[in-house]
Structure formats: C-alpha cells, structure tokens
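Each remark here refers to the structure printed beneath this line.
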Amino acid sequence: MTHEIICAGFGGQGVMLIGQIIAYGGMIEGKSVSWFPSYGPEMRGGTANCSVVVSEKQVGSPIVSEPDGIIAMNRPSLEKFTMAVKPGGTIVYNSSLIEITPDRSGVKILPVPANDIAAELGNDKVANMVALGAYLGLTKVISPTSVEAALKKVLPSRRHKLIPLNIQALQKGLELAKN
C-alpha cells in the first residue's frame, strides 16, 4: 500500500514538522518513505507545504500530484489542494482559521479546530499535532506509537521536554477522528 499526503499552511505552523514526523514514523515501521518540502523565500508567514509518501514498496518519486489526503492549516492551502485529493481520500483542515467547508464530494472531510484545542492545552504551537492526530485517526497511515518515536528523532534534544505536550495534542486529534 502507498499513501501520498500533502501537508500545507503558512510558514511557522509546523507543516514541515508534520511531514517529517510522518516520514520518520513510516521509517520506524519499516516502510519506504519520501519527504519533499516546498516553501517560498519568506520562512515565517509565507506559504509552505510538503509532500510525503509512505509505502510498503520502494518510493519511485517524491512528487505528489494526486494525494490520498491533505492536512491544510490555512485557507489558501485548502483552496489550492482540495481538488487534487483522490476520490475516497481524506481532507483534514484547521477550522480554527478556515471558515469555509471544502466543496468536494467523494472524500472524507474533517474540520479540526486545531488552534482552539492547542490554546486549551496551553501552547498554540501544537495545533499541527492536533491536525496530525486527526489525520492519523482517519487514515492509520502510521501508528501513534511511531509518532512518539519520530518526535524523539525529529525534535532537537532541547525540545524533548515538549514531547508530552505534543503527544497530548496528538491524542486530542485522534479523539476527534473517532467521533
């Protein structure tokens, strides 16, 4: 099975981290992966996205044009990638910042108030983990256990004290996907 994802938002929303975590989680599970970042010259505040491929087979290309799913953290990203999602795919979007509902049939759509939940947890920076948890709850592309292991690999050691908060945010997203 091959699963292709696009994670997109503004620079600073942690979309690259979402992609890295999915890729590392896939490697931890023994899968083949690719992670391909794309962002403008303005890091924080500019548009950013990454493509991630997780596969049981060797990954032929990191380019994703018809993803199985998207995680959209802002409205421009949702508008840009909604129609690219394959029929039967998944759209998870940050409803804290996106006031529209995607006009798309034939896909699973889950609005996630990621920023609101992150604020309740006491740190706006974990909104990306809430969205990731919701996406993983719907798709099961990697396990939550693999995310925890990936966080230890991806985050610098000075940030490891934030792993419990990230796991808590991930769990909130997983709960949303169950409902």
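Observations on the model:
- HIS160-ASN123 pseudo-label distance in nm [points 7 Å out on the Cα-to-Cβ vector]: 1.5
- Region 1-121: relative contact order as a whole-number percent, Cα under 8 Å and 6+ apart: 24
- For region 113-179: rounded, prolate or oblate by the Cα gyration tensor [a/c cutoff 1.5]: oblate
- Top positive-direction residue, dipole computed over region 2-178 with Cβ charges, set LEU162, MET129, GLY11: LEU162
- At 1.002 mPa s and 20 °C, Stokes D of the chain from Kirkwood alpha-carbon radius, µm² per second: 136
- Rounded to the nearest 20 debye, the dipole size of region 2-178 about its Cα centre is 440 debye, using +1 on the Cβ of Lys and Arg and -1 on the Cβ of Asp and Glu.
Taken together, the values in this text are just the output of simple stated rules run on the coordinates, not laboratory data. Small disclaimer: the values here were computed from a predicted structure and weren't measured. Cβ atoms come from the backbone with ideal geometry, glycine included; neighbour counts cover every protein chain shown.
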